[in-house]
Amino acid sequence: MDMEQIEKLIADHGIRTVIVAGTDPAGVLRGKRLTVPYFRKAAESGISFASYILGTTTMDEVLPGLFDTGIPDVHAKPDLSTFRLAPWEKDAAIVLLDWVTPEGAPHPLCPRGALKRQVALADRLGFKAYASLELEFYILPLPISEVRQGRWSDLPLPSKDIHCYSILEGYFCEPVIGRLRDCFPEEIEACLPEWGQGQFEVNLYRADPLAMADTAVLMKLAVKQIAAEAGATATFIAKLREDMSGSSGHIHLSLRDKASGESVFYDPADPLKLSKTFRHFVAGNMAVFAESVLFYAPNVNSYKRMQSGSFAGTTRCWGVDNRTAGFRAINESAGKCRLEVRIGGADLNPYLGIATGLGAGLRGIELALEPPAPGSGNNYEQGVETVPVDLAAAVAAVEESQAIREILPPALIDNALRIACFEIGVFHGTVTDLERRRYMETV
């Protein structure tokens, strides 16, 4: 989209505010709301922010060493191809940013840039990559104002029972979910109640990996704002409560031949209808299983979701249409042949999650890696290697790996480690209600 087309959209829809925003490494969408005249200037010359936003936590804590940098500006350039109306906000449009160096080169801490790098690699290898996301979240009948004032426990639920796939259950949340679909009529394929009280899943239709991640971050923003207007709260926390289903962020990946457009994953002559290229791709993901988890599960809470028998993709194995495998092969047809990476939670950074899965798979193709035989049955009970038990173990796996640094920019990995270690320190230093309940009287 060029500025002439953008100006027409602005005029035709009475746009008064343009949101310019980019995702930080921790997965938070950060930016500014601009008037139209100042957006025009930003579109031409870029826009600057305090650089601390690329090295902070989701709670904006100042990490050790930050002040040593002097905290200069970090520059961002609007990607005009992402300009779109933001119908969840009155008279508004939104455009996504790429973080860049002062010289205009991709910034090493830009998650969007990390994904662009893997898409470009796929192109160089002769492939057109596609991705889709399934994102789960809870809608709570609780005004967001109460959460913002500190109500994090005794949360009301819209139903006392689980009604997965129930059309009637979905009806009760249509004021939020229906409006969300209206905001993304081309991108959202399906919405459904999931396996938790008030939990929903949104399936995004396959697209270019960068466009898919862009849609995911915008969808998360939109549903939170729509829910807030409806007097409710939408949350993508991976594990809302220990006795409730966690929220996942499953990633579907496929490759097609760039010239012919045909699937390179599907082979009708193979007993499993899966090509050698697919096997290399899944082997690449299995080869970096432990060290990749940090980029699918970046928070302390993420690992509360990783429970055996919970539908979470905790196992280092692959299987054909098997939801107990961390990597699920879907082989029903050439057009739908893909790999589902089932590890991630809804709290993942979509850019980094997709970049990790795509990059690992492409590395497997380049190295012609071979996977073990596919698993079958209940992989939760077959002694299969599982994901790191907590964030500290995930950090250790990354620190011991060179392969992950071939997939994601080393500076971005080091930044992720700093954030994760800070998060671990916060939680280790916090006394919880559970500890008081267990030990105040008994010890």
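The values are calculated or read from the model by the stated rules, or taken from the named source; none is laboratory data. What you are looking at is a predicted structure, and each value in this text was computed from that prediction instead of being measured. Cβ atoms come from the backbone with ideal geometry, glycine included; neighbour counts cover every protein chain shown.
Which ones in region 163-215 are under 19 Å from the mean Cα position of the chain (by Cα), in contact (Cβ under 8 Å) with a residue 12 or more places away in the chain and assigned to a helix (DSSP H, G or I)?
The answer is Leu180, Pro209, Leu210, Met212, Ala213, Asp214, Thr215.
What is the one condition in (1) in contact with a Gly (Cβ under 9 Å, 6 or more places away or on another chain); (2) crowded, with 17+ Cβ neighbours inside 10 Å; (3) at pLDDT 95 or above; (4) not assigned by TED's automatic domain parsing to the domain that holds Pro350 that Gly55 does not satisfy?
Every condition holds for Gly55 apart from (3).
Name the single residue, out of those in region 18-49 being surrounded by fewer than 19 Cβ atoms within 10 Å (Cβ to Cβ) and within 30 Å of Gly344 (Cα to Cα), that is farthest from the chain's Cα centre (by Cα).
Lys32
Here is a list of conditions, (1) without any contact (Cβ under 8 Å) to a residue 60 or more places away in the chain; (2) within 23 Å of Met244 (Cα to Cα); (3) not β-branched (Val, Ile, Thr), and Gly313 meets all of them except one; can you say which number that is?
Result: Gly313 passes all but (1).
If you check Ile139 against the conditions, is it part of a loop (DSSP other than H, G, I, E, B) and among the β-branched types (Val, Ile, Thr)? Walk me through how you get there before you give the answer.
Working: part of a loop (DSSP other than H, G, I, E, B): no; among the β-branched types (Val, Ile, Thr): yes.
So Ile139 fails the test.
Do you know which of the residues in region 383-405 that are more than 19 Å from Pro298 (Cα to Cα) and in contact (Cβ under 8 Å) with a residue 24 or more places away in the chain is surrounded by the most Cβ atoms within 10 Å (Cβ to Cβ)?
Val384
Taking the options Glu174, Glu242, Glu189, name whichever one is under 29 Å from Ser81 (Cβ atoms) and loosely packed, with under 15 Cβ neighbours inside 10 Å.
Glu189
Looking at Ile330, Ile413, Ile424 in this structure, which one is surrounded by 20 or more Cβ atoms within 10 Å (Cβ to Cβ) and among the β-branched types (Val, Ile, Thr)? Spell out how you get there, then give the answer.
On the way: Ile330 fails: surrounded by 20 or more Cβ atoms within 10 Å (Cβ to Cβ); Ile424 fails: surrounded by 20 or more Cβ atoms within 10 Å (Cβ to Cβ).
That would be Ile413, the only listed residue that is surrounded by 20 or more Cβ atoms within 10 Å (Cβ to Cβ) and among the β-branched types (Val, Ile, Thr).
Where in region 276-364 are there strands (runs of 3 or more DSSP E), lying fully within it, with 1 or more residues that are within 16 Å of the chain's Cα centre (by Cα)? Give the derivation first.
Working: elements: 318-320, 327-330, 338-341.
Where strands (runs of 3 or more DSSP E) fall fully within region 276-364 and carry at least 1 residues being within 16 Å of the chain's Cα centre (by Cα), they are 338-341.
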